[in-house]
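Below is one structure, written out as structure tokens, with a few remarks after it.
The values are calculated or read from the model by the stated rules, or taken from the named source; none is laboratory data. A quick note: this is a predicted structure, and the numbers were derived from the prediction, not measured. Cβ coordinates were reconstructed from backbone atoms using ideal geometry, including for glycine residues, and neighbour counts include every protein chain displayed.
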Amino acid sequence: MFPLANMPEVPNKIRPVPHTKIAVIIPCYRVRGFIVDVVRNALEVADYAVVVDDACPEHSADRLVESVSDPRLQVLRHETNQGVGSAVITGFSAALKTDAEIFVKMDGDGQMDHKWLPRLVEPLLLGHADFTKANRFYDLTALEAMPFVRRLGNFGLTFLAKAASGFWHISDPTNGYLAIRRGALEILNLNALHKRYFFEIGLLVQLNIIRAVARDVPIPAKYDNETSSLNPVKILFSFPPKLALGLARRIWWRYFVYDINMVTLFLVTGTLLLLGGAGFGAAKWAENFATGGSHPAGTIAVALLPVVLGFQLLLQALVLDVIDKPDEPLSNLMVRRLPAPPADESAPSTAG
């Protein structure tokens, strides 16, 4: 780890690459006191800003429209509150209609500093990744500044989110400061993404299914006087079932629909052995309990052996899942074109 606070900052008005256009999507809910500055700062480092007012009771979008007049700004509104994920999906859909090649999601509460945006998108501009995500956990200084409840919740979610998403090298799963290339975004099924706070993890699940390359980018967050609408108690009870469902969906699509490999074999064989051995052992235990008898050591071994073998196979499947990474960003493959044939070969012959 290294303290990012001691690293040189990127000047606000320096664009990463002048020929690659960037669109910033900003969901807007109870951020009336922050949204104007957030949008103005975002437009210093991006070409477009799409703000989606998710039926904000403070009418944050109205404040923005009154204060900022810029042709690069687009303000959209939801008639009813649909959740942060739904707002981002609406923003992505609108931003895809522009000529932007990189899309950045930034919250409207001022926690995500625009001066770090060039660092966030750099791996995408260089063709090293399809998706980047800010990671506050690299920075000890910023980590200490994070409210204790958020810190505890993030650490608790990290391991479960890694398992569900398959991105074992990605941390800080609920961090919403993220960027994605057009090639990857166009493949995603936006309508299938979660509409509320599980959006970020659900996005990682889909990206892993399509074998996109994701990178962590060290970026500190700042915490001022904003109030988070993320309820830790709600997360505690609602996220685990969603994580389990996300894991099941990812395993099914990755290893049974899109591809069949050794992970598939280990999962099927290991599950059958584990459940078969456990079922056989449970049946024999129930028989002993009902009759008061006992079984020889061989019967116990017959029940125990498939359980041990099944567990080992499932553990091996986990190891293979951890080390399985795509070789190249899929966005690179999508933008490549075969070279045009030479002029003399492509032109129709005029010989008589």
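Which residues, counting only those in the stretch 109-133, are of a type outside the set (S, T, N, Q) and within 20 Å of Lys325 (Cα to Cα)? The answer is Pro123, Leu124, Leu126, Gly127, His128, Ala129, Asp130, Phe131, Lys133. With respect to the stated conditions, Phe167 fails to be closer than 24 Å to Val52 by Cα, in contact with a helix residue (DSSP H, G or I) (Cβ under 6 Å, 6 or more places away or on another chain) and not in a helix (DSSP H, G or I). Determine whether the stretch 82-103 contains at least one residue that is without any contact (Cβ under 8 Å) to a residue 24 or more places away in the chain and of a type in the set (Ser, Thr, Tyr). No; the residues of the stretch 82-103 include none that is without any contact (Cβ under 8 Å) to a residue 24 or more places away in the chain and of a type in the set (Ser, Thr, Tyr). A single member of Val88, Val84 is of a type outside the set (Gly, Ala, Ser), assigned by TED's automatic domain parsing to the domain that holds Leu207, under 17 Å from the mean Cα position of the chain (by Cα) and under 19 Å from Ala212 (Cβ atoms), and it is Val88. Between Val75, Val104, the distinction of being outside any loop (DSSP other than H, G, I, E, B), of a type in the set (A, V, I, L, M, F, W, C) and surrounded by fewer than 21 Cβ atoms within 10 Å (Cβ to Cβ) belongs to Val75 only. For the stretch 241-254, the condition holds for no residue, the condition being that it is modelled with pLDDT under 95 and under 22 Å from Tyr138 (Cβ atoms).
Filtering the stretch 116-127 to residues that are at pLDDT 95 or above and within 18 Å of Glu186 (Cα to Cα) leaves Val121, Leu124. When the stretch 41-71 is filtered for residues that are assigned to a loop (DSSP other than H, G, I, E, B), over 24 Å from the mean Cα position of the chain (by Cα) and among the acidic types (Asp, Glu), the ones remaining, listed by number, are Glu58, Asp70.
Among residues of the stretch 117-140 that are part of a loop (DSSP other than H, G, I, E, B), those with a beta-carbon under 8 Å from a residue that is surrounded by fewer than 20 Cβ atoms within 10 Å (Cβ to Cβ) and small (Gly, Ala, Ser) at least six positions away or on a different chain give the pairs Asp130/Gly183; Asp139/Ala5. Tell me, yes or no, whether the stretch 156-172 has at least one residue that is over 16 Å from the mean Cα position of the chain (by Cα) and either surrounded by fewer than 17 Cβ atoms within 10 Å (Cβ to Cβ) or among the hydroxyl-bearing types (Ser, Thr, Tyr) (or both). For the stretch 156-172, residues over 16 Å from the mean Cα position of the chain (by Cα) and either surrounded by fewer than 17 Cβ atoms within 10 Å (Cβ to Cβ) or among the hydroxyl-bearing types (Ser, Thr, Tyr) (or both): present. Is at least one residue of the stretch 130-140 at pLDDT below 95 and over 18 Å from the mean Cα position of the chain (by Cα)? The answer is yes; a qualifying residue exists. Among the residues examined, Thr132 qualifies as more than 21 Å from Arg32 (Cβ to Cβ) and surrounded by 19 or more Cβ atoms within 10 Å (Cβ to Cβ).
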